[in-house]
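Student: Just passing along the structure, written as structure tokens.
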Ligand SMILES: [Zn+2]
Ligand SMILES: [Zn+2]
């Protein structure tokens, strides 16, 4: 598996050589605010499978919660991925930056009790009040 992605302005290009696991649509208020959308779609990528091909100097890092970081393009503000100190082996990729079609599919909607009241679900995926079971 080899997937490619880039930010809105095109300075940052990334490559994934592996699977994207545990893809979820997250409706929590933090993801809504960070993305500016109804929900963020994130997937887990092994850190060894993740490569920044260009634009490293444009990657900014924001931390509101100790040990958790949101990495974004400092030029165009695209969210790229998040990371956390207590799990340095993987990142959570923001799937909207992908330029490649992927084989994997989302498995659930999470934190649905925090969803925007103007959002209408139009999917058959399971809905969970917090994380999916098992995480
Ligand atoms: Zn950019
Ligand atoms: Zn979230």
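All of the numbers you see were taken from the coordinates with simple rules; none came from a lab. Here the structure is a predicted model, which is why all the values come from computation and not from measurement. Ideal geometry is used to build each Cβ from the backbone, glycine not excepted, and the neighbour counts take in all protein chains shown.
Student: Between residue 130 and residue 107, what is the spin-label point distance in nm, taking each point 7 Å from the Cα along the Cα→C-beta axis?
Tutor: Using points 7 Å along Cα→Cβ, the separation is 1.8 nm.
Student: Would you mind ranking 114, 22 by Cβ crowding within 10 Å, fewest neighbours first?
Tutor: So the ranking, lowest neighbour count to highest, is 114, 22.
Student: Taking the Cα centroid of the stretch 47-112 and of the stretch 1-37, what is the distance between the two, rounded to the nearest whole Å?
Tutor: Value for the Cα centre distance between the two parts: 5 Å.
Student: Which of 45, 112, 56 has the fewest other C-beta atoms within 10 Å, and how do the rest follow up to the most?
Tutor: 56, 112, 45
Student: Sticking with this one: Hey, rough spin-label estimate for residue 77 and residue 116, points 7 angstrom out along Cα→Cβ, what's it come to in nanometres?
Tutor: Calculated label separation equals 1.4 nm.
Student: Under 25 °C and 0.890 mPa s, how fast does the chain diffuse according to Stokes-Einstein, given a Kirkwood radius computed over C-alpha pairs? Answer in µm²/s, whole number.
Tutor: The calculation lands on 160 µm²/s.
Student: Percent relative contact order of the chain, based on C-alpha pairs within less than 8 angstrom and at least six residues apart?
Tutor: It rounds to 28 percent for the chain.
Student: Follow-up. Just the number, please: Stokes-Einstein D of the stretch 6-64 in µm²/s, Kirkwood Rh from C-alpha pairs, 20 °C, 1.002 mPa s.
Tutor: Estimated via Stokes-Einstein, D reaches 163 µm²/s.
Student: Do the sum for the chain: with -39,500 (n - 2.57) for every DSSP H run of n ≥ 4, divided by all residues, what is the mean residue ellipticity at 222 nm, to the nearest 500 deg cm²/dmol?
Tutor: -1500 deg cm²/dmol
Student: Let's test the formula: R0 of 25 Å, r as the Cβ-Cβ distance of residue 30 and residue 54. What FRET efficiency results, to the nearest 0.05?
Tutor: The calculated FRET efficiency here is 0.30.
Student: Scale the Cα Rg of the stretch 29-109 by the rule-of-thumb value 2.2 N^0.38 Å and send over the ratio, two decimals.
Tutor: 1.08
Student: In addition: If we count other beta carbons within 10 Å of each Cβ, what is the order of 53, 93, fewest first?
Tutor: 53, 93
Student: Note down the nm distance, to one decimal, between modelled labels 7 Å out along Cα→Cβ at residue 100 and at residue 13.
Tutor: Simple spin-label model gives 1.3 nm for this pair.
Student: Fully extended, how many nm does the chain gain between residue 61 and residue 37 (0.36 nm per residue separation, minus their Cα-Cα distance)?
Tutor: Here the segment from residue 61 to residue 37 would lengthen by 6.6 nm.
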